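Where a number appears in this text, it was derived from the coordinates with a stated rule and is not lab data. Please read these numbers as outputs of a predicted model, since none were measured by experiment. As a convention, Cβ positions derive from the backbone with ideal geometry for all residues, glycine included, and neighbour counts pool all protein chains shown.
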Amino acid sequence: MSMDVNVDTGTETDAEVDGDGTEDAGWGVDPEDEQGVAVLAALGRQLKSWREAAGLRAADFGTAIGYGEDLVRKVESGKRIPRPEYLDRADEVLKAGGRIKAMKADTEQIRYPTKVRGLAKLENRAVEVSAYSNHNIHGLLQTDDYARALFEMWQPPQTKAQIERGMVARMARRSIFDRSPAPALSFVQEEVTLRRRIGGTMVMRGQLERLLEVAKLRHVTIQVMPTDLEEHAGMGGLIEVLKFADGSAVGRSEGAFNGRPVSDPRRLRVLEQCHAMIRSQALTPRESVEFIERVLGET
């Protein structure tokens, strides 16, 4: 179970080009993602079978759905992840009655880097998420611009395709805010994460405004850990604990259990106690909102 907050976007994949010649990074499959490669290969074979059964050549089919022949062949050979609109048009042209459109759920998962795929599934199941972040804004709270700025400053530098894959996964995780019933979400952010102007002043202003917006949600609590605090239970680094409806849970901390995810109740209690102490030391939710507003005014 991977619970990485700073997402490793995987191995390098080349940017692809649509039929109109525009670069379209992030839609190539990661060759080291064995599960993704297998799924994409099976999907490509199905699409080719549908096309041939309809008596269409690849070039004619591409023209009918608005894509080039080269792209069609890449999709059918499992070398390219088809966009949702590609599958929509294919379903219509091949009169598949929704069976090709249904493949979109599989392709969406393939676009996630392998390490993030497990995390997204865990977050989708969680009824409670508790997190402490000390280097940057937690991934679930990040704006598009802030997240992109983080990926672009990654070392060693990432390719455009890697950045796009990371962005897709990072933004998809935000669907947790739209779930019903809503999970309880608790975040503690180190003060420095509010003051370090990742991406520049305007990007950071947008990020701070996003925090204030999310803090208004009834199921979300955001607290700030002041830098001038003399006692701090979070010196071991980031912590994240996810709890599920069946009573099970999984957690991770940089400073405990070699940073590995744990699900044993005794080890989870260690993480929960540490996070509870961090929350008690941080500013209250109301004080934290006022603090973020002040930082925004200074930014």
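Each of E152 and N124 was given a label point 7 Å from its Cα along the Cα-to-Cβ line. The distance between the two points is 3.0 nm. 3J(HN,Hα) couplings calculated from phi for the range 235-249 with the Karplus curve 6.51 cos²θ - 1.76 cosθ + 1.60 (θ = phi - 60°) are, in sequence order, 5, x, x, 4, 9, 8, 10, 10, 10, 10, 4, 7, x, 7, 7 Hz; Gly and Pro show x. For A38 and T201, a Förster radius of 45 Å and the Cβ-Cβ distance give a FRET efficiency of 0.50, rounded to the nearest 0.05. Hydrodynamic radius of the range 167-222 by the Kirkwood approach over all distinct alpha-carbon pairs: 12.7 Å. Both radii come from the Cα set of the range 98-252: Rg as radius of gyration, Rh as Kirkwood radius; their ratio Rg/Rh reads 0.98. Residue pairs exceeding 21 angstrom between C-alpha atoms, taken from K101/K243; K48/K74; K121/K160; K48/K79: K101/K243; K121/K160.
Between E92 and A105, the distance separating the two model label sites (each 7 Å from Cα on the Cα→Cβ line) works out to 2.3 nm.
Treating each Cα of the range 203-299 as an identical point scatterer and summing with the Debye formula, the log10 of I(q)/I(0) at q = 0.10 Å⁻¹ comes to -0.34.
Dividing the radius of gyration of the alpha carbons in the range 46-107 by their Kirkwood radius gives 0.90 for Rg/Rh.
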